[in-house]
Amino acid sequence: MAESTVRIGLILPDVMGTYGDGGNSVVLRRRMRMRGIDAEVVEITLDDPVPDSLDLYTLGGGEDAAQTLASRHLTRYPGLQRAAERGAPVLAICAGLQVLGRWYETSDGRRVDGIGMLDVTTSPQAVRTIGEVISEPLTDALTCALTGFENHRGGTALGPDAAPLGRVTHGVGNGAGEGTEGVLQGSVVATYMHGPALARNPELADLLIARALGVDTLAPLEIDEVTRLRRERLAVR
Ligand code: GLN
């Protein structure tokens, strides 16, 4: 592997990959390789300590029991926390968002400590939310609507250090009545959007890549399938 290879950490795909969120790391690698940037995915499983030396990290969704294992592992090996502190971008999806928070309550009412990277807490909502979700980004770094598929019981409340990623225009997002979707805090981008999110939202993929590379912009990429998928999903509105 060349020294210039960008290394994408896929955190705990063995327990936090139920909804195909591992695809986010594949999208990141593909979009870098298409631009001539060498990139590799490094899988970090429950058998591995979490390295703090990677360039970019992704963390997927999962069931309540799986995310409890993930919380314990990330607490025991705090490499992700150290990497985020030095500014490495982190993408966290659904249960990943919840695990990065202060605590979350499982659907049977158990409170589990998160790893405290995000100023959020999560409690079960009256009903599970399943369906398409669309939001308008609340950051100048993104210009396109975000789309995804949400499937979660937990509803997330944001504290003062956490900012929402988007304003919901279709679906539920962080929680019934909140009207917001996802979280931005430091180098972390977190969202309830499965899809995988980066296959559906290439602008978000490129934002993470640009941050990992420390550049302001990237050469645009035209991929017909991605454009078609976006158009199809936005039509839900
Ligand atoms: N188990 C969590 C919930 O139901 C997260 C689900 C997920 O990652 N899709 O809220």
Quiz item: Taking the condition within 12 Å of the ligand (Cβ to nearest atom) and either without any contact (Cβ under 8 Å) to a residue 12 or more places away in the chain or surrounded by 20 or more Cβ atoms within 10 Å (Cβ to Cβ) (or both), does residue 150 pass?
Solution: yes
Self-check item: Unique match (being under 16 Å from residue 24 (Cβ atoms) and either outside any loop (DSSP other than H, G, I, E, B) or away from the ligand (no atom under 16 Å from the Cβ) (or both)) among 211, 237
Solution: 211
Quiz item: Quick one: would you say residue 143 is in a strand (DSSP E or B) and of a type in the set (Ser, Thr, Tyr)?
Solution: no
Quiz item: Give me the pairs: first residue in region 7-36 and free of Cβ contacts under 8 Å to residues at least 40 places away in the same chain, second residue part of a loop (DSSP other than H, G, I, E, B) and aliphatic (A, V, I, L, M), beta-carbon distance under 8 Å, and six or more apart or on different chains, which are they?
Solution: 14/46
Quiz item: What strands (runs of 3 or more DSSP E) completely inside region 44-126 contain at least 2 residues that are away from the ligand (no atom under 13 Å from the Cβ), free of Cβ contacts under 8 Å to residues at least 24 places away in the same chain and over 13 Å from the mean Cα position of the chain (by Cα)?
Solution: none
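Take the residues of region 159-190 that are closer than 20 Å to residue 29 by Cα and part of a strand (DSSP E or B): which is nearest to the chain's Cα centre (by Cα)?
The first filter runs over region 159-190 and keeps only residues closer than 20 Å to residue 29 by Cα, leaving 187-190.
Of the ones still in play, those that are also part of a strand (DSSP E or B) are 188-190.
Working: 188: 8, 189: 6, 190: 4 Å.
So, considering only residues that are closer than 20 Å to residue 29 by Cα and part of a strand (DSSP E or B), the one nearest to the chain's Cα centre (by Cα) is 190.
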Practice problem: Quick one: in region 1-32, of everything that is in a loop (DSSP other than H, G, I, E, B) and under 14 Å from residue 200 (Cβ atoms), which residue is farthest from the ligand (Cβ to nearest atom)? | Solution: 20
Quiz item: So which of 113, 140, 119 ends up being out of contact with any strand residue (DSSP E or B) (no Cβ under 8 Å at 6 or more places or on another chain), more than 20 Å from residue 22 (Cα to Cα) and of a type outside the set (A, V, I, L, M, F, W, C)?
Solution: 140
Practice problem: For residue 140, state whether it is among the charged types (D, E, K, R), away from the ligand (no atom under 12 Å from the Cβ) and without any contact (Cβ under 8 Å) to a residue 60 or more places away in the chain. | Solution: yes
Quiz item: Is there any pair with a first residue in region 176-194 that is over 22 Å from residue 63 (Cβ atoms) and a second that is of a type in the set (Asp, Glu) and modelled with pLDDT of 95 or more whose Cβ atoms are under 7 Å apart and which are 6 or more apart or on different chains, and what are they?
Solution: 185/119; 185/161
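The values are calculated or read from the model by the stated rules, or taken from the named source; none is laboratory data. Quantities reported herein were computed from a predicted structural model and do not represent experimental measurements. Cβ: placed from backbone, ideal geometry, glycine included. Neighbour counts: every protein chain shown.
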